[in-house]
Amino acid sequence: MPPNSPLLDFRSDTVTRPTKAMLEAMTSAPLGDDVLGDDPTIHALQTKVASLFGKQAACFVPSGTMANQCAIFAHTSPGDEIICHDGSHILHYEGGGPAVLSGCMCRTIQSIDGTFTPDVLEPLIRADDPSFSRSRLLILENTHNRNGGTIWPLDRFAAVAARAAELGLKRHLDGARIWNACAASGHSPADYAQHVDTVSACFSKGLGCPIGSIVVGDAPTIAKARRARKLFGGAMRQAGLLAAAAIHALDHHRQRLTQDHANAKLLFAGLANLPHITPDPSQPAGPTTNILFFELAPTCPFTAPQLQARLAEHKLLLLAAGPRRIRMVTHLDVTEQHCHQAIEILKKVLT
Ligand SMILES: *Cc1c(COP(=O)(O)O)cnc(C)c1O
């Protein structure tokens, strides 16, 4: 880990610090004023990412939350209804953004792993009646954060998106961790993106950037998202500084995501030998990407928040994701060695 973070930090893949090479790419990037539309590094990033996703246009934004909210704003009108999974990020972790920023309702779908089948959609579509909100937008999440870092199988994803289109819904993919889904499955970003209207993606998670996300789609939709970005206060000036980090990360940090996935599996295997720990229902056979959840059995003397505090005293940071549920995330700044150290600390505290 970098010298300024002596802890074993498994709280999130957002805790990474920029590497020296990334900082060098940032300081040598040509810059302009992106609100005036002349930052060349922003243009280079947006062109590169639009092409990776096979879409016409892209809009760089400060956060994944803003990327999702700009997409929602672009697709909807006040009074519209969004259909999303019950555990989705837009529902739990974006401050009620769909209601506050776009005047939208959310209607949800339940499942253990965050994926579902096309047949669940039709019963959720509201009839055209002045009493009802308008069913407008389906949001899918890949990988699915809260439900196990799950990858949508491409055929299931395509079938759900196709059914949504038949039912008259726009389709947005919350692809904050689409890079992980692609690294683990071997599919390209465009393989997923071709089935939806817009995609958001984060550079500030597995790819290791300090700041930055993006939303891609066709040109008219991205023009609307760009208006929303200005409205929400996210239009930035010499933003090429951040775009340079993202370009560097796309070129150098995508291949290595499989290492994070291997490290998460290593943690899961290590935990199997410890007392009081049971697999999480969302990933009974262990993690498929970089997010590991586990449960504390009724025999465990600690609740998840208590265990979190106890481990922090041993310089191991992770997050309680519920009263008895724990989350650990692997990333650029944790090594295989750190994972072995984490298992040792867990063993010491739990036995
Ligand atoms: C992290 C995340 C986001 C956006 O997060 P920010 O912290 O706003 O960048 C959006 N969706 C999912 C699924 C996420 O995991």
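Here are some notes:
- Pair list, Cβ < 6 Å and 6+ apart or interchain, from region 191-215 residues that are closer than 13 Å to residue 179 by Cα and free of Cβ contacts under 8 Å to residues at least 60 places away in the same chain to residues that are within 11 Å of the ligand (Cβ to nearest atom) and not in a strand (DSSP E or B): 203/209; 203/212
Residue-by-condition table, conditions (1) free of Cβ contacts under 8 Å to residues at least 60 places away in the same chain; (2) more than 22 Å from residue 63 (Cα to Cα):
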site	(1), (2)
234	no, no
242	no, no
249	no, no
265	yes, yes
272	yes, yes
278	yes, yes
293	no, yes
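- Selection count where residues are in contact with a helix residue (DSSP H, G or I) (Cβ under 7 Å, 6 or more places away or on another chain) and part of a helix (DSSP H, G or I), scope region 214-248: 13
- Residues of region 164-194 that are surrounded by fewer than 18 Cβ atoms within 10 Å (Cβ to Cβ) and either within 16 Å of the ligand (Cβ to nearest atom) or assigned to a helix (DSSP H, G or I) (or both): 165, 166, 190, 191.
- Of all residues in region 72-84, those that are in contact (Cβ under 8 Å) with a residue 40 or more places away in the chain have Cβ atoms under 9 Å from Cβ atoms of residues that are β-branched (Val, Ile, Thr) and part of a loop (DSSP other than H, G, I, E, B), 6 or more apart or on another chain, in 82/76; 83/125.
- Selection from region 72-104 of residues that are among the small types (Gly, Ala, Ser) and buried (at least 16 other Cβ atoms within 10 Å of the Cβ): 74, 87, 88, 97, 102
- Condition met for residue 337 (under 22 Å from residue 273 (Cβ atoms), crowded, with 19+ Cβ neighbours inside 10 Å and free of Cβ contacts under 8 Å to residues at least 24 places away in the same chain): no
- Among all residues of region 227-235, there is at least one that is surrounded by fewer than 15 Cβ atoms within 10 Å (Cβ to Cβ) and either on the phi > 0 side of the Ramachandran plot or at pLDDT below 95 (or both).
- Listed by first and then second residue, the pairs linking a residue in region 91-114 that is closer than 29 Å to residue 233 by Cα to a residue that is away from the ligand (no atom under 14 Å from the Cβ) and of a type outside the set (A, V, I, L, M, F, W, C), with Cβ atoms under 6 Å apart and 6 or more places separating them unless they lie on different chains, are 102/76; 103/78; 104/76; 104/80; 105/81; 105/133; 107/81.
- Residue identified as away from the ligand (no atom under 16 Å from the Cβ), modelled with pLDDT of 95 or more, at negative phi and assigned to a helix (DSSP H, G or I) among 156, 126, 107, 136: 156
- Any chance residue 48 is in a helix (DSSP H, G or I) and among the charged types (D, E, K, R): yes
The values are calculated or read from the model by the stated rules, or taken from the named source; none is laboratory data. As the structure is a prediction and not an experimental result, all values here were calculated from the model. Ideal geometry is used to build each Cβ from the backbone, glycine not excepted, and the neighbour counts take in all protein chains shown.
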